[in-house]
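To start, the structure under review is shown below, and the notes come after it.
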Amino acid sequence: MSQSVKCIGILTSGGDAPGMNAAIRAVTRTAIYNNIEVKAIYRGFRGLVSGDIVPFQTNCVSNIIQRGGTVLKSARCDEFMNAEGRKKAADNLAKHNIDALVVIGGDGTLTGASVLASENPNLSIVGIPATIDNDLNGTDVTLGYNTALNTIVEAVDKIRDTASSHERLFFIEVMGRNCGALALNSAIAAGAEAAIIPEISIEKDQLHELISQGFRKSKNSSLVLVAESEITGGALKLAERVKKRYPEYDVRVSILGHLQRGGAPSADDRILASRMGYAAIQALLESQRNIMIGVKNEEIVYVPFSKAIKKIKPINPDLVNLLNVLST
Ligand code: F6P
């Protein structure tokens with residue numbers, strides 16, 4: 001095992017996800033354990049461009065494993081999108097003697113990291129997939145997804161109480177960008193009647209299909225989970241369509257929004273974050289570069305950035321079938 005890495009920078013970027021703090025803790029403590037210096041970069045790539053960088057010690061990450069959000073803050077940064085901004089970022093890395101970066105975030109973060117790495121051949125970057133969307137390829141799961149799923153199910157259980165009392169049809173919109181994982185799996189876990197997800201809506205009009213099957217099936221109240229996306233049209237538009245066609249239905253919409261991103265990480269997310277943070281430093285010690293840490297069938301894997309980002313993550317058709325069968 002060679003040790004060319006002497007100082008790492010760590011940042012979180014894009015939408016925050018529960019478990020980011022647990023990952024920051026694991027990266028920091030594993031690095032220091034291996035005599036690698038750690039520098040915290042605040043506000044993601046924006047902080048890298050502006051030089052918002054401070055040394056981090058082991059006590060800086062005390063008492064954060066259980067906290068949602070990110071102590072390093074997060075931001076979306078337009079300046080980093082152009083070469084001039086990235087040059088400033090590279091200059092700041094050199095100024096702070098940072099020879100490797102651990103970036104924690106989703107598709108946009110890893111895409112930015114990949115571009116920075118290709119422009120700076122001496123810089124090693126390792127990514128930790130953290131997004132509630134679970135839309136990255138090469139890993140079964142991303143950090144924050146499990147917690148968000150539990151948060152959604154808890155909310156949907158509550159909506160069910162009022163839906164059934166008033167015999168209403170609810171469209172409940174959840175996050176996920178263009179990925180239906182949260183909608184589909186929360187529909188299964190909450191015993192909802194249907195999930196409308198982009199992966200299927202691209203081929204067929206799911207709402208039309210539901211209506212023609214007898215929308216409410218045998219029930220007086222129904223819950224439909226809708227993945228936010230231009231492809232699904234979102235819960236409001238779908239509800240409008242139903243109201244026009246079935247004015248007798250008592251339709252309501254609930255958009256869960258950013259509450260899905262908050263809260264203490266689940267035990268699963270804390271363990272995943274700890275494993276991934278540890279693995280990120282191991283990967284750097286093994287001279288790996290420009291890879292994302294993933295987990296496949298419980299095993300840690302290294303995934304080249306190009307395989308992880310900007311691709312549709314396929315939905316398991318068995319889960320779609322399961323929901324259909326169990327909601328009859
Ligand atoms: O990628 C995470 C995510 O929460 C998506 O599910 C959602 O579409 C987006 O971020 C919202 O971003 P913002 O917080 O910038 O509005």
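The values are calculated or read from the model by the stated rules, or taken from the named source; none is laboratory data. Keep in mind that what you see is a predicted model, and the values were worked out from it rather than measured. Every residue, glycine as well, gets a Cβ built from its backbone with ideal geometry; the counts of neighbours run over all protein chains shown. Only protein heavy atoms, including side chains, enter the accessible area calculation; ligands, DNA and RNA are left aside. Shrake-Rupley method; radii C 1.70, N 1.55, O 1.52, S 1.80 Å.
Check residue 295: other-chain or 5+ apart residues with amide H under 5 Å from its amide H, H built from backbone geometry?
Counting only residues 5 or more places away or on other chains, the set is 140, 141, 301.
Taking amide H positions as placed in the peptide plane 1.01 Å from N, state which residues far from residue 313 in sequence (5 or more) or on other chains have amide H under 5 Å from it.
Here the answer is none, since no amide H 5 or more places off falls under 5 Å of that of residue 313.
Short version: ³J(HN,Hα) in whole Hz for each residue of the range 147-157, in order, from phi by Karplus 6.51 cos²θ - 1.76 cosθ + 1.60 (θ = phi - 60°), x for Gly and Pro, what are they?
Values, residue by residue: 5, 4, 4, 5, 4, 5, 4, 4, 5, 5, 4 Hz.
Would you check the accessible area of residue 208, probe 1.4 Å, heavy atoms only, in square angstrom rounded to 10?
Residue 208 exposes around 100 Å² with every protein chain in place.
Tell me, what % of the accessible area of the chain is carbon and sulfur with a 1.4 angstrom probe?
50
Mind checking which lysines have their C-alpha under 18 Å from residue 95, skipping anything on the same chain fewer than 8 residues away?
Once the sequence-local lysines are set aside, what remains near residue 95 is 6, 39, 87.
Take every DSSP beta bridge with both residues inside the chain and express the antiparallel ones as a percent of the total, to the nearest 5.
Within the chain, antiparallel bridges account for around 25 percent of the total.
Which loop-located GluC sites (Glu not before Pro) does the range 175-257 contain, where loop means any DSSP state but H, G, I, E or B and the Cβ has at most 14 other Cβ atoms within 10 Å?
On the way: sites: 193, 199, 203, 209, 228, 230, 240, 248; in loops: 193, 203, 228, 230, 248.
Here the sparse-neighbourhood loop sites are 203, 230, 248.
For the pair residue 71/residue 299, report the inter-label distance in nm, with labels modelled 7 Å from Cα in the Cβ direction.
3.4
What is the calculated FRET efficiency for residue 122 to residue 208, with r their C-beta to C-beta distance and R₀ = 45 Å, to the nearest 0.05?
In this case the efficiency is close to 0.25.
So if R0 is 56 Å, what FRET efficiency would residue 83 and residue 33 give, r being the distance between their Cβ atoms, rounded to the nearest 0.05?
On the way: r = 36 Å, r/R0 = 0.65.
Plugging the Cβ-Cβ distance into 1/(1 + (r/R0)^6) gives 0.95.
So, for the chain, what is the accessible surface per residue at a probe of 1.4 Å, expressed in square angstrom? Please list the in-between numbers first.
Details: 14420 Å² over 328 residues.
Heavy-atom SASA per residue in the chain reads 44 Å².
So who's got an amide H within less than 5 Å of the one on residue 194, skipping anything under 5 residues away but keeping other chains? H placed 1.01 Å off N, in plane.
Those qualifying (amide H under 5 Å, at least 5 residues apart or on another chain) are 223, 225.
Report the full-extension gain for the segment residue 157 to residue 249: residue separation times 0.36 nm, less the Cα-Cα distance, to one decimal in nm.
31.0 nm
For the pair residue 321 and residue 164, what calculated FRET efficiency results from E = 1/(1 + (r/R0)^6), where r is the Cβ-Cβ distance and R0 = 22 Å, to the nearest 0.05?
0.30
For the range 126-135, what does the Karplus curve 6.51 cos²θ - 1.76 cosθ + 1.60, with θ = phi - 60°, yield as ³J(HN,Hα) per residue in whole Hz, taken in order and with x for Gly and Pro?
For the range 126-135, the Karplus curve yields 10, x, 10, x, 9, 6, 5, 6, 6, 10 Hz.
Is there a pair in 88/311; 204/311; 204/313 whose C-alpha atoms are over 25 Å apart, and which pairs would that be?
88/311
In percent, what relative contact order does the chain have, based on Cα pairs under 8 Å that are 6 or more apart in sequence?
24
With springs only between Cα atoms under 10 Å, which of 92, 185, 120 fluctuates most in a Gaussian network model of the chain?
120
Can you tell me the 0 to 90 degree angle between the C-alpha axis of helix 317-326 and the longest principal axis of the chain, rounded to 10?
40
What does the highest-first list of 79-86, 138-145 look like by mean Cβ count within 10 Å?
Most protected by this proxy first, the peptides run 138-145, 79-86.
If you keep only loop residues by DSSP, which trypsin sites (Lys or Arg not before Pro) in the range 172-254 have at most 10 other Cβ atoms within 10 Å of their Cβ?
Values: sites: 177, 204, 216, 217, 219, 237, 241, 243, 244, 245, 252; in loops: 177, 204, 216, 217, 219.
Within the range 172-254, the qualifying trypsin sites (Lys or Arg not before Pro) (loop, at most 10 other Cβ atoms within 10 Å) are 204.
Please give the residues of the range 167-191, grouped as numeric ranges, whose backbone N is less than 18 Å from a label point set 7 Å along the Cα-to-Cβ vector of residue 311.
Answer for the range 167-191: 178-181.
Over the range 264-328, what is the relative contact order in whole percent, taking alpha-carbon pairs under 8 Å and six or more residues apart?
19 percent.
Antiparallel as a % of all DSSP beta bridges within the range 146-261, to the nearest 5? Write down the numbers at each step before the final one.
Numbers: 0 of 14 bridges.
That works out to approximately 0 percent antiparallel.
Relative to the longest principal Cα axis of the chain, at what angle does helix 267-285 sit, 0 to 90 degrees, rounded to 10?
Once rounded, the angle reads 30 degrees.
How far, in degrees from 0 to 90, does helix 107-119 lean away from the longest principal axis of the Cα atoms of the chain, to the nearest 10?
In the chain, helix 107-119 runs at an angle near 30 degrees to the longest axis.
Can you give the convex hull volume per residue for the Cα atoms of the range 146-261, as a whole number of Å³? The partial results should precede the final answer.
On the way: hull volume 10.2 nm³, N = 116.
About 88 Å³ per residue, rounded to a whole number.
Using the Karplus curve 6.51 cos²θ - 1.76 cosθ + 1.60 with θ = phi - 60°, work out ³J(HN,Hα) for each residue of the range 180-197 in order, rounded to whole Hz, and write x for Gly and Pro.
Once θ is set to phi - 60°, the couplings for the range 180-197 become x, 4, 5, 5, 5, 6, 6, 5, 5, 5, 9, x, 6, 7, 6, 10, 10, 10 Hz.
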